[in-house]
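Every number in this text was worked out from the coordinates using simple rules, so none of it is lab data. What you are looking at is a predicted structure, and each value in this text was computed from that prediction instead of being measured. Virtual Cβ from ideal backbone geometry, glycine too; neighbours counted across all protein chains shown.
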Amino acid sequence: MNNEWMSISDMMSGLMLIFLFIAIGFMIEVESEKETMKEVAISYRDTKANLNESLYSEFENDLQAWDATINTDNSIVFSSPEVLFEVSSSEIKSEFKIILEQFFARYIKILTSDTYKEEIQELRVEGHTSDTWKNSKSKEEIYLKNMQLSQDRAYSVLSYCYSLKDEGVLKNRVWLEKYFRANGMAYSQPREKDKARRVEFRVVLKSESKVYEILK
């Protein structure tokens, strides 16, 4: 009988040791994941802040003339409807073409520099519209027409920028083909009426995507 109890005791001790090792392994894994999450968050914060500083350093003196803003998320917003496009048209006006010529090559030079090139996951140009359409009363028609218009405008800007003959743009065409995208946003991100019709350039960082993956 004593031998039997000793066997049971030994077995319980062995199981406790196994559970202890499992618990220790789990704690080590949790700590490792926490450290990884911390490193990703720090990388995202630092890259985002550094890029914002680089953009301001390059474009601060041009923003007023362009009626443009650089936001804390590093989106660059061009907000003058009378400069960008004619009403209900996706054809870029000559004034905006001049701005894009002054802006885009310098912008790409920053993004493709050694500091940021490996950090970029996507470069988006977004078209935004108002929530109205002349002579249209149907919400469905207003939405669909504005969605098409915003997509056409984003594509027009992408096409014009991609086709610039600037040496820096030509040199980075392969990079642009991989990362540059046009998105029509219609009025999904509304702003005050005089700022609703706008074009935005937006950078998505690899570390940003990793943060969202972790949150999921």
How large is the dipole of the stretch 113-192 about the Cα centre if only Lys and Arg carry +1 and Asp and Glu carry -1, each at its Cβ, rounded to the nearest 20 debye? 300
Cross-link pairs 48/109; 109/165; 171/206 - those with Cα-Cα distance over 19 Å: 171/206
Taking only the Cα atoms of the stretch 47-215, how large is their convex hull per residue, in Å³? 124
At R0 = 22 Å the Cβ-Cβ FRET efficiency linking residue 139 and residue 195, nearest 0.05, sits at 0.50
Using only alpha carbon pairs under 8 Å that are at least six residues apart, calculate the relative contact order of the stretch 47-215 and give it in whole percent. 32
So for the stretch 90-166, taking the charge dipole from beta-carbon charges (+1 Lys/Arg, -1 Asp/Glu), which of 148, 158, 133 sits furthest toward the positive end? 133
How large is ³J(HN,Hα) for each residue in the stretch 102-113, as worked out from phi by the Karplus curve 6.51 cos²θ - 1.76 cosθ + 1.60 (θ = phi - 60°), to whole Hz, x for Gly and Pro? 6, 8, 5, 4, 5, 4, 5, 4, 5, 5, 9, 5
Could you give the length gained on full extension between residue 82 and residue 204, defined as 0.36 nm per residue of separation minus the Cα-Cα distance, in nm? 41.1 nm
Placing each pseudo-label 7 Å from Cα in the direction of the beta carbon, residue 45 and residue 188 end up separated by a distance in nanometres of 3.0
